[in-house]
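Comments concern the structure below.
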Amino acid sequence: MRYPTVKQLRYFVALCDHRHFGRAAQACFVSQSAFSTAIQELERLLGTALVDRTNRRVTITAAGQEVCARARRTLTDLEDLVEVAGQCRDPLCGSIRLGVIPTIAPFLLPRVLPKLRKSYPLLRLYLTEDRTERLHERLLDGELDVLLLALPYELRRVEELKLFRDRFLLAYREGTSRVDPGQYQFTRLDPNSILLLEDGHCLRDHTLAACKIRDSDKISRYAATSILTLVEMVDADLGITYLPEMARGSALMRNTKVKLAPIGDSASRTIGLAWRKGSARAEEFRLLGRFLKQHAAPPS
């Protein structure tokens with residue numbers, strides 16, 4: 001029985017990413033004719049059409065989408081195999097593709113990455129920032145190696161490592177009349193006064209659960225599309241919100257009049273790592289987790 005070659009799988013994954021024969025061939029550094037021939041050979045070998053060529057835009061068939069997902073995982077497993085076989089003796093060396101959510105990246109990464117590079121100079125860290133759901137999909141497809149995210153979150157076929165608790169703090173504009181941070185009580189907040197991220201962000205769900213926001217009338221009808229927008233809305237005194245403690249002292253808070261105040265230790269989210277079950281690099285990811293935990297404390 002004949003099997004697809006690594007080259008054929010790489011070419012097909014590139015075609016799925018670019019949805020264009022010319023651009024995919026260019027990304028693979030081959031001529032378009034050679035690229036097209038390799039895709040046709042792959043289709044003949046598998047006995048099914050992977051690509052619909054009837055229109056100007058390449059469409060991946062249902063069979064092609066399944067083959068692409070499995071091809072990504074196969075290529076990732078091959079990369080892991082080579083990585084393990086040629087692994088240097090030093091910990092955390094080689095490349096790691098890290099996916100991180102937007103409500104962690106701007107707060108934690110600027111603080112820990114310089115220390116990580118200094119401690120592990122042979123590590124090549126490639127970062128991807130996106131929402132948890134999409135990062136999870138890319139992890140399972142083999143595009144990412146490990147995720148840095150907030151828990152709890154329903155994740156399939158992964159191993160999780162909890163790192164530390166990240167408390168929620170009350171965020172308000174200095175001098176606001178919307179809240180007395182020294183005498184904060186949720187019941188005293190006016191209707192439409194709580195600003196949150198829009199639906200789809202895990203920080204919104206974690207905030208609602210951790211801060212026990214059960215009165216929807218107190219939530220503003222205006223939602224932010226990003227953590228930066230949320231900070232700017234609070235800075236404009238359009239409302240108050242709850243930010244993770246790791247935001248303290250971050251670049252997003254500079255040049256604003258946004259202040260942070262504690263609301264109790266029980267309101268928090270858990271920061272953790274997640275990787276595919278059975279990954280050959282699990283111990284390396286645990287080492288990464290221990291390093292992040294050690295250097296995660298925000299400035300006082």
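Of the numbered conditions (1) in the same structural domain as L273 (by TED's automatic domain parsing); (2) over 18 Å from G289 (Cα atoms), Q183 fails exactly one; give the number of that condition. Single failed check for Q183: (1). Checking the stated criteria, F35 turns out to be of a type in the set (A, V, I, L, M, F, W, C), in contact with a helix residue (DSSP H, G or I) (Cβ under 8 Å, 6 or more places away or on another chain) and over 19 Å from L78 (Cβ atoms). Looking only at the range 274-296, decide whether some residue is buried (at least 18 other Cβ atoms within 10 Å of the Cβ), more than 20 Å from the chain's Cα centre (by Cα) and either part of a strand (DSSP E or B) or outside the structural domain of P191 (by TED's automatic domain parsing) (or both). Scanning the range 274-296, I find no residue that is buried (at least 18 other Cβ atoms within 10 Å of the Cβ), more than 20 Å from the chain's Cα centre (by Cα) and either part of a strand (DSSP E or B) or outside the structural domain of P191 (by TED's automatic domain parsing) (or both), so the answer is no. Residue count for the range 24-38 satisfying the condition of being among the aliphatic types (A, V, I, L, M) and either under 16 Å from A62 (Cα atoms) or surrounded by fewer than 15 Cβ atoms within 10 Å (Cβ to Cβ) (or both): 1.
Only a single criterion out of (1) more than 25 Å from the chain's Cα centre (by Cα); (2) without any contact (Cβ under 8 Å) to a residue 24 or more places away in the chain is not satisfied by M253, namely (1). Residue count for the range 180-198 under the criterion of being at pLDDT 90 or above and either among the charged types (D, E, K, R) or within 14 Å of M233 (Cβ to Cβ) (or both): the result is 9. From the list L139, L113, L147, the lone residue that is out of contact with any His (no Cβ under 6 Å at 6 or more places or on another chain), assigned to a helix (DSSP H, G or I) and touching a residue at least 60 places away in the same chain (Cβ under 8 Å) is L139. Just one residue in the set T132, T48 is out of contact with any Phe, Trp or Tyr (no Cβ under 9 Å at 6 or more places or on another chain) and β-branched (V, I, T); that residue is T48.
Of the residues R156, R173, which single one is basic (K, R), touching a His at 6+ places or on another chain (Cβ under 8 Å) and in contact (Cβ under 8 Å) with a residue 12 or more places away in the chain? Exactly one residue qualifies, and that residue is R156.
The values are calculated or read from the model by the stated rules, or taken from the named source; none is laboratory data. What you see is a predicted model; the values in this text were computed from it and never measured. Methodologically, a virtual Cβ is constructed for each residue, glycine included, from the backbone with ideal geometry; neighbour enumeration extends over all protein chains shown.
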